[in-house]
Amino acid sequence: MTTLAAFAAALALLGAPGKVDVIKATDLQGKPVEIRTAGKITAVIFISTQCPISNDYNERMKALYNEFHGKGVQFVFLNANSTESSAEVAEHARKHAFPFTVYKDVNNVEADRFSAEFTPHVFVIGKNSEVIYRGAIDDSRPADRVTKTYLKDVLNAALEGKPLPVTETKAFGCTIKRVKKST
Amino acid sequence: MKHSIAILILLAAGLVHAADLQPISEAGYQRLLASAKGKVLVVNFWATWCAPCRKEMPELVALAAKYRAKGMQFAAIAIDEESDAATVAEFVAKTKIPQPAYIKRFQDDQKFISMVDPRWSGGLPFTVVYDRTGRKVHVFPGEVNIRELEQVIQKLL
């Protein structure tokens, strides 16, 4: 099989995650957690401790959390990088004073289910547990050059029950460092 | 910041030979593809902030040197901001990335990503192989398997 075909097959296999009723992750003490999505708008964000792009969004992620958490949006921050330990994730969260919890996606199970590819990669799940948006937080790594606030606009539209302004965007980012799995 | 200043000082002192960086736009990418027809073209998208990109680059450069005479062309396109051009130039020179080495000047990152491959979300590194007719035949999302890439090139040459 060519690499192109393998890539296509892998994506087809992973595809859209369909309904995401439960997100399974591990807290930074190693305890399994299950986060249910039914009846809520949920923003799942795959982040990294080491990726400079992801780190450039730390303050913007904090601002989004602070703005929308109180409006009823559920945030799930996941670290799926096999190269970043729970201890490192905890230290990173402490250092940057994250107001939100970060979970480990051990063996990148959720990253595979969502077909998350890079950090920060965002997935918004609607109240019916369907993924309604996938892509970037906004359109610019430098915060002072942002012209389109994709995630903010999607969350506002979803909260108001309005048509989404966008359902998929792309951006350059650091590839998620997955565990090597035997096929 | 300190790193960039240090590089600028070294460049000014002539201690580091800055490589020429060629800005590349969406139209420039199409021109690159057109000009490479008749050769096997390997395009690698990388960035100085991308650790796996930096790690794999020496192997890609070695592969490019090995197959250049047989008709392989290698193009490295840095997805760095213009403000990081000095850091890019230093890495290009240090790693001996073949000239011309490119740095992105896209009007619209999203459109560019989709133009290169509709299934690509933008994660780096990302490597694309075009055959001698200019047809895209292989993509390597993430770190490239250098042995697999070499086999692909050998078949196409």
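Since every read-out is calculated from the coordinates, none of them should be taken as a lab result. Just so it is clear, the structure is predicted and the values come from calculations on it, not from any experiment. As a convention, Cβ positions derive from the backbone with ideal geometry for all residues, glycine included, and neighbour counts pool all protein chains shown.
In table form, for the structure just shown:
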| item | result |
| --- | --- |
| Vicinal HN-Hα couplings computed from phi for the range B:135-150 (Karplus, 6.51 cos²θ - 1.76 cosθ + 1.60; Hz; Gly/Pro x) | 7, 6, 10, 8, 10, 10, x, x, 4, 7, 8, 5, 5, 5, 4, 5 |
| Sites A:Val109 and B:Ser25 - FRET efficiency at Förster radius 56 Å, r taken between beta-carbons, to 0.05 | 0.90 |
| Percentage relative contact order, chain A, counting C-alpha pairs under 8 Å, at least six apart | 27 percent |
| Burial ordering of A:Thr119, A:Thr37, fewest other beta-carbon atoms within 10 Å first | A:Thr37, A:Thr119 |
| Highest average packing first - A:44-55, B:107-118, Cβ atoms within 10 Å | A:44-55, B:107-118 |
| Net charge dipole size for chain B [Lys, Arg +1 and Asp, Glu -1 on Cβ; Debye, nearest 20] | 660 debye |
| Crossing angle, helix B:2-12 versus chain B [Cα axis fit, 0-90 degrees, rounded to tens] | 90 degrees |
| Scattering profile of the range A:3-175 at q = 0.12, 0.15, 0.20 Å⁻¹ [log10 I(q)/I(0), Debye over alpha-carbon scatterers] | -0.51, -0.83, -1.53 |
| Cα-derived Rg over Rh, computed across chain B with Rh taken as Kirkwood radius | 0.96 |
| Exposure proxy order (Cβ contacts within 10 Å, fewest to most) of B:Val139, A:Val106 | A:Val106, B:Val139 |
| Theoretical ellipticity at 222 nm over chain B - DSSP helices of four or more residues, -39500 (n - 2.57) apiece, nearest 500 | -13000 deg cm²/dmol |
| Scattering curve values for the protein assembly as shown, log₁₀ I(q)/I(0), Debye with Cα scatterers, q = 0.11, 0.14 Å⁻¹ | -0.76, -1.17 |
| Stretch gain in nm, segment B:Ala93-B:Lys55, where the contour uses 0.36 nm per residue and the Cα spacing is subtracted | 12.2 nm |
| Signed unit charges on C-beta, dipole axis of chain B, positive-most listed residue B:Thr87, B:Met72, B:Ile24 | B:Met72 |
| Folded to 0 to 90 degrees: helix B:26-35 orientation relative to chain B principal axis, Cα | 60 degrees |
| Chain A - mean residue ellipticity at 222 nm from DSSP helices (-39,500 (n - 2.57) per run, n ≥ 4, rounded to 500) | -8500 deg cm²/dmol |
| Average partner coverage of A:161-173, which counts Cβ from other chains inside 10 Å | 4 |
| The protein assembly as shown, dipole about Cα centre (Lys/Arg Cβ +1, Asp/Glu Cβ -1), debye to the nearest 20 | 760 debye |
| Which of B:Gln110, B:Leu124, B:Leu156, positive extreme of dipole for the range B:72-157 (C-beta unit charges) | B:Leu156 |
| Computed label-point distance, nm, for sites A:Ala143 and A:Glu91 using a 7 Å Cα→Cβ extension | 2.4 nm |
| Dipole axis of the range A:3-175 (+1 Lys, Arg; -1 Asp, Glu on Cβ), positive-most option in A:Val109, A:Tyr65, A:Ser140 | A:Tyr65 |
| Separation in nanometres of the label points that stand 7 Å from Cα toward Cβ, at A:Lys62 and B:Arg105 | 3.7 nm |
